[in-house]
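S.K.: Have a look at this one before I ask anything.
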Amino acid sequence: MRLIPFAVSALITTGLVFALNTKWGSVPAMGRFLSPQHGFWQNAEAADFDYNAELSLPGLQHNTSVYFDDRLVPHVMASSEHDVYYLQGYLHARFRLWQMEFQVFAAGGMVSHVLGAGEDSAFLRYDRSMRRLGMLYSAEKMLELMATDTVIQAQQDAYTAGVNAYIDQLTESELPIEYKLLDYKPERWTNLKSALFVKYISYDLAGHDDDLEYTNARNNLSITDFEKLFPVIQDSLKAIVPVTENNYPASAAFNLDKPAGADSLYFTYKKDSLTNILPKPDKDNGSNNWALAGSKTADGAAILCNDPHLGLNLPSIWYEMQLSGPSFNSYGVTFPGAPNIIIGYNDSIAFGVTNSGRDVKDYYQLKFRDAQMNEYWFDSAWVKTTRRVENIGVRGSAALADTVVYTVFGPVIYDHTFPAAPGNANYYAVRWKAQDPSNEMRMLYGLNHAKNYDDYAEAIKSLTCPGQNPVFASVSGDIAIWQQGDFPAKWRRQGDFIMPGEDSSYMWRGIIPQQENPHMKNPARGYVSSANQLSVDSAYPYYTGNSFPVYRGYIVNRLLDSIRLASVRDMQRMQTNNYNVKAEFARGILLQTDPAKLNLDEKKYMNMFRTWNLRNDPSEQGATVFAIWWAEFEKAVWSDELERSKLPMPWPNETTLIEALRKDSSYKFIDDINTPVQETLADLLGGSLKKAAIQLKSAELTGKLAWGAYKGTKVQHLLKLPAFSRLNLNAGGGAGVINATKEDHGPSWRMIVRMSATPQGYGIYPGGQSGNPGSRFYDNSVNGWVKGEYYTLWLMKPSDQGDKRIKWTMNFSKG
């Protein structure tokens, strides 16, 4: 029974509320918050809580039932597509309303509306950055395009009506506890909120950039050194689509020569310094996916696997469900806030995604006639700007009217009212593909309804941003992968740095034709895969960006190359594999350390590393030694070059140092330019181990030398409230490992689907179906996720209405 533990946690959290509200400027009415009739007590659910219900809803077309299994997964069996999406919206709101709305506030630059300005106006600065990026503007453009698609418009209208049907019935006592803690109430849902959520996914997956940091690096390094530190292609790359597939375009569809004068205008030192680095998504937002052909499986059926790597949050980013209507029957995980299954399968196909990591966001320095920013210099003429006033509500204060200027490149994100650095008076516009009108809902609708490869290939054409690697498998045995998105055609290094914006020569040359995006179907090797690595090798004519993870893709392909007669259990073990291939490559370098110059503790830790099995399992101490030692070694090599300017700069790719030292032990950057002596590799290895040993000794004395304890994986509530979070989980994995579980980031949904005549799925995510911390379904899957367990997924049929797996039923009638 979760009632008493929740009450205790909530009382503890009540103390935190005052601290939070001192910061945010709004204290809840504590009498109402503690009220037995309306307050937090009403959010506690007994272990035997009854979810059976008879409900009447306005706007429903037919009487419909939703069946819940023992994990509270709803199976929607509806007679019309309108009712499918209407009930999806209702259920999202019923179990995840606060999360849905709060994420939309974050997407649209409306956090201050709920939390106030915050210390040093941190929330307001965040809101301004999101508005200046064009988040609200782009969501409005998305709605305009969706309105031209009658099917998608009807789907979204039904979904929004379902959300509001729940909000309209919601009583004060039923409000999610976060509303009570923060003392506000939900607003009605709109189609714009769903569009904002979709754009937030674009931000999370295609909004990370290092252009300002790379510009700082260019300004402080020679071109030769820059190329050594930030190579475009890594030696150990295993491309998603190798050139051997013979489907690269022979030449680019556009002129990709760099502009005349680029060597002096773009590639050389500029005196500007850029320090106002705005909040950005985790660079490791990515995933693994692969599909095996029947030639590699034990029973001859294709198998599809996918595990998206995102922030580990409670409530979980995912909500699991089945959607069944007259023309489709799909199962998988959904995003509360938007219709359709996002990653899953139906009666005929399975589908999953990984992030492409392609660079679709660039900055341009502009010249304005004056500080009024009414005109800017472009192609030898003064061109008028357009203006958009962003009204940002601030709880407890007057709203801020922030005027954002739009140019041919996009919105001006940095100006004299929002500078890129103190004293930097330059103007910078941002061109981001997500700012363009798009209709990603059409892709999701198409995948949910798809029957075969042709349907899949047609559906993904609607995906423009974020660029993804949709993987496919079917009951007929086909497998495929296609890197899909609207990717700008770029010349080498275009967009790595801030570009001149006074003429059109630095603009994108166009969008790469969709057929020229990397793809393959039914390859001879018997599998397709991606792990966010570079999708192509140097033979591809277009520039794709300069830094992609390598090691997950390397070990995924190594295992898939060797596997034969694979079973579902083999795939489960592979998804949770903790082998550290980076450590394998680095071991020979680190073990060159001279033990004669080490003390007893240092020798002990070096021996732990030497005898380690190279697995990031929770109990392994060698994994901790490697993580700390390698971090200190990298710092010893890179810091004199990259930290002496005191400006934000990027760190080289995970492979750069290993690949350089395997070729040349006297690598240029081994020597510390800040000292009069010539450092050697041996000096840095020994010195870095000595620094690491201090940290390792501290970890050992506090019982945190084992990898799981040291890493301390946590699944945090969105408000970072400890009482509503799961902390100090003893989980394995890590960066560069197939099981990419870091401290607060990792596999947010593990799914495996065997494409037999009746597809069979297996999956788990680190959370639970309910967004209510007082429910046993709030975090009931976390422990199983840590252990690498899977649930058997149930693609229910209409004839299964008497199945014993049904635990509760909600019957909905037309209101």
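The values are calculated or read from the model by the stated rules, or taken from the named source; none is laboratory data. This structure is a prediction, so every number in the text was calculated from the model and none was measured. Here the Cβ is made from the backbone with ideal geometry for all residues, glycine too, and neighbour counts use every protein chain on show. Just so you know, the surface numbers come from the protein's heavy atoms only, side chains and all, with ligands and any DNA or RNA stripped out. Shrake-Rupley method; radii C 1.70, N 1.55, O 1.52, S 1.80 Å.
S.K.: Where in the range 195-292 are the helices (runs of 4 or more DSSP H), entirely inside, with at least 2 residues that are out of contact with any Gly (no Cβ under 9 Å at 6 or more places or on another chain) and open to solvent by less than 10 Å² (accessible area, probe 1.4 Å)?
M.R.: Once the helices (runs of 4 or more DSSP H) in the range 195-292 are filtered for at least 2 residues that are out of contact with any Gly (no Cβ under 9 Å at 6 or more places or on another chain) and open to solvent by less than 10 Å² (accessible area, probe 1.4 Å), what remains is 211-220, 223-229.
S.K.: Right, next: Restricting attention to the range 544-560, which residues are open to solvent by 20 Å² or more (accessible area, probe 1.4 Å) and more than 22 Å from Arg750 (Cβ to Cβ)?
M.R.: Ser547, the sole residue that qualifies.
S.K.: Moving on to the next point. Looking at (1) more than 17 Å from the chain's Cα centre (by Cα); (2) closer than 21 Å to Trp629 by Cα; (3) open to solvent by 10 Å² or more (accessible area, probe 1.4 Å), find the lone condition where Lys742 falls short.
M.R.: Looking at each condition in turn, Lys742 falls short on (1).
S.K.: I need the full set of residues from the range 652-705 which are in a loop (DSSP other than H, G, I, E, B), without any contact (Cβ under 8 Å) to a residue 60 or more places away in the chain and of a type in the set (A, V, I, L, M), in order please.
M.R.: Matches in the range 652-705: Ile673, Val677.
S.K.: Starting from residues that are of a type in the set (S, T, N, Q) and assigned to a helix (DSSP H, G or I), keep the ones in the range 529-563 and report whichever is farthest from Asn289 (Cα to Cα).
M.R.: Ser562
S.K.: A follow-up question, please. When you scan the range 564-580, how many residues do you find that are open to solvent by less than 40 Å² (accessible area, probe 1.4 Å) and in a strand (DSSP E or B)?
M.R.: Here the count works out to 1.
S.K.: So which residues in the range 598-618 are open to solvent by 50 Å² or more (accessible area, probe 1.4 Å) and within 22 Å of Gly736 (Cα to Cα)? Please lay out each step first, then the result.
M.R.: Kept after step one, since they are open to solvent by 50 Å² or more (accessible area, probe 1.4 Å), are these residues of the range 598-618: 599-601, 603-604, 607, 610-611, 613, 615.
The answer is Arg610, Thr611, Asn613, Arg615.
S.K.: Would you confirm whether any residue within the range 305-316 is over 16 Å from the mean Cα position of the chain (by Cα) and either of a type in the set (A, V, I, L, M) or surrounded by 24 or more Cβ atoms within 10 Å (Cβ to Cβ) (or both)?
M.R.: Yes - at least one qualifying residue is present in the range 305-316.
S.K.: Name the single residue, out of those in the range 581-597 being of a type in the set (A, V, I, L, M, F, W, C) and touching a residue at least 12 places away in the same chain (Cβ under 8 Å), that is most open to solvent (accessible area, probe 1.4 Å).
M.R.: So, considering only residues that are of a type in the set (A, V, I, L, M, F, W, C) and touching a residue at least 12 places away in the same chain (Cβ under 8 Å), the one most open to solvent (accessible area, probe 1.4 Å) is Leu591.
S.K.: Quick one: Pro422 ticks every box in (1) touching a residue at least 60 places away in the same chain (Cβ under 8 Å); (2) surrounded by 15 or more Cβ atoms within 10 Å (Cβ to Cβ); (3) touching a Ser or Thr at 6+ places or on another chain (Cβ under 9 Å) except a single one, so which number is it?
M.R.: Unmet condition: (2).
S.K.: Do we have Arg509 as charged (D, E, K, R), in a strand (DSSP E or B), open to solvent by 10 Å² or more (accessible area, probe 1.4 Å) and farther than 30 Å from Gly736 by Cα here? Write out each step before concluding.
M.R.: On the way: charged (D, E, K, R): yes; in a strand (DSSP E or B): no; open to solvent by 10 Å² or more (accessible area, probe 1.4 Å): yes; farther than 30 Å from Gly736 by Cα: yes.
So Arg509 fails the test.
S.K.: Can we say Asp127 is closer than 25 Å to His449 by Cβ, part of a helix (DSSP H, G or I), open to solvent by less than 40 Å² (accessible area, probe 1.4 Å) and at pLDDT 95 or above?
M.R.: For Asp127, the condition - closer than 25 Å to His449 by Cβ, part of a helix (DSSP H, G or I), open to solvent by less than 40 Å² (accessible area, probe 1.4 Å) and at pLDDT 95 or above - is not met.
S.K.: Exactly one condition in (1) open to solvent by 10 Å² or more (accessible area, probe 1.4 Å); (2) more than 21 Å from Ile317 (Cβ to Cβ); (3) without any contact (Cβ under 8 Å) to a residue 60 or more places away in the chain is false for Leu192; which is it?
M.R.: Of everything listed in (1) open to solvent by 10 Å² or more (accessible area, probe 1.4 Å); (2) more than 21 Å from Ile317 (Cβ to Cβ); (3) without any contact (Cβ under 8 Å) to a residue 60 or more places away in the chain, Leu192 misses just condition (2).
S.K.: I'm trying to understand the selection: among the residues of the range 104-114, which are farther than 20 Å from Asp157 by Cα and part of a helix (DSSP H, G or I)?
M.R.: Within the range 104-114, Phe105, Ala106, Ala107, Val111, Ser112, His113, Val114 qualify.
S.K.: Given (1) surrounded by fewer than 24 Cβ atoms within 10 Å (Cβ to Cβ); (2) closer than 18 Å to Asp127 by Cα; (3) not basic (Lys, Arg), identify the lone condition not met by Ala434.
M.R.: (1)
S.K.: Still on this structure, I have one more. Looking only at the range 765-815, filter to residues that are β-branched (Val, Ile, Thr) and over 30 Å from Phe102 (Cα atoms); which one of those is least open to solvent (accessible area, probe 1.4 Å)?
M.R.: Here the answer is Ile806.
S.K.: A further question on this structure: From the list Ala139, Ala122, Ala117, which residue is part of a helix (DSSP H, G or I), within 27 Å of Tyr427 (Cα to Cα) and open to solvent by 10 Å² or more (accessible area, probe 1.4 Å)?
M.R.: After applying the criteria, what remains is Ala122.
S.K.: Then there's this: Does Ser236 meet the test of being under 28 Å from the mean Cα position of the chain (by Cα) and either at pLDDT below 90 or of a type in the set (Ser, Thr, Tyr) (or both)?
M.R.: yes
S.K.: Output the number of the condition that Ile177 fails; it satisfies all remaining conditions of (1) at pLDDT 95 or above; (2) open to solvent by less than 10 Å² (accessible area, probe 1.4 Å); (3) within 30 Å of Asp402 (Cα to Cα).
M.R.: Failing condition for Ile177: (3).
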